[in-house]
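The values are calculated or read from the model by the stated rules, or taken from the named source; none is laboratory data. Small disclaimer: the values here were computed from a predicted structure and weren't measured. Please note: Cβ atoms are built from the backbone with ideal geometry, for glycine as well, and neighbour counts cover all protein chains shown.
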Amino acid sequence: MKTTTLYERFATQLKSSPLLTDVRLRTFAGVHFLYLHPADDRHSHELDGLLEQTAYELVKGTEWSFNCQFVRSSGGTRVYRLQFRVPDVKSFCCGNQCPQCVLLRPKQ
């Protein structure tokens, strides 16, 4: 059984967009890059908005966040660096009596 990663789901949803003719997801040294070929001469802010909206739909209701950074443009292809991130806050007690232990946090 093949499990689909969040990055693959993101690329699949982008492929269904009429604004893009080609969407490729590639990974180099553990870093995910998205290669987008717009259907026509779209402004970068339109593509950025599409990326943000699609990512928001994937992570809403979770603690995950999305970071997308434009890398370069080559011909008609735009390259973005992608990151889906979890919060940097400890969510469990490790037993080492840390000063930022979750057991010492005030109840919310």
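Here are the numbers for the structure shown:
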quantity	calculated
Residues that are surrounded by 12 or more Cβ atoms within 10 Å (Cβ to Cβ) and within 10 Å of the chain's Cα centre (by Cα), drawn from the stretch 81-101	81, 82, 83, 84
Looking only at the stretch 3-36, and only at residues there that are within 18 Å of residue 75 (Cα to Cα) and of a type in the set (A, V, I, L, M), the one that is surrounded by the fewest Cβ atoms within 10 Å (Cβ to Cβ)	19
Residues (in contact with a strand residue (DSSP E or B) (Cβ under 7 Å, 6 or more places away or on another chain) and free of Cβ contacts under 8 Å to residues at least 60 places away in the same chain) located in the stretch 74-107	76, 77, 78, 79, 80, 81, 83, 85
Among (1) in contact (Cβ under 8 Å) with a residue 40 or more places away in the chain; (2) in contact with a Phe, Trp or Tyr (Cβ under 7 Å, 6 or more places away or on another chain) - the single one residue 31 does not satisfy	(2)
Filter pass, residue 52 being exposed (fewer than 11 other Cβ atoms within 10 Å of the Cβ) and either of a type outside the set (A, V, I, L, M) or touching a residue at least 12 places away in the same chain (Cβ under 8 Å) (or both)	no
From the options 87, 106, 99, residue that is within 27 Å of residue 26 (Cα to Cα) and modelled with pLDDT under 90	87
Residues located in the stretch 68-108, provided they are touching a Cys at 6+ places or on another chain (Cβ under 8 Å) and either at positive phi or part of a strand (DSSP E or B) (or both)	80, 81, 82, 83
Candidates 74, 65, 44, filtered to the one that is exposed (fewer than 10 other Cβ atoms within 10 Å of the Cβ) and among the hydroxyl-bearing types (Ser, Thr, Tyr)	74
Selected residue (criterion: farthest from residue 19 (Cα to Cα)) from residues of the stretch 56-67 that are without any contact (Cβ under 8 Å) to a residue 24 or more places away in the chain and outside any loop (DSSP other than H, G, I, E, B)	65
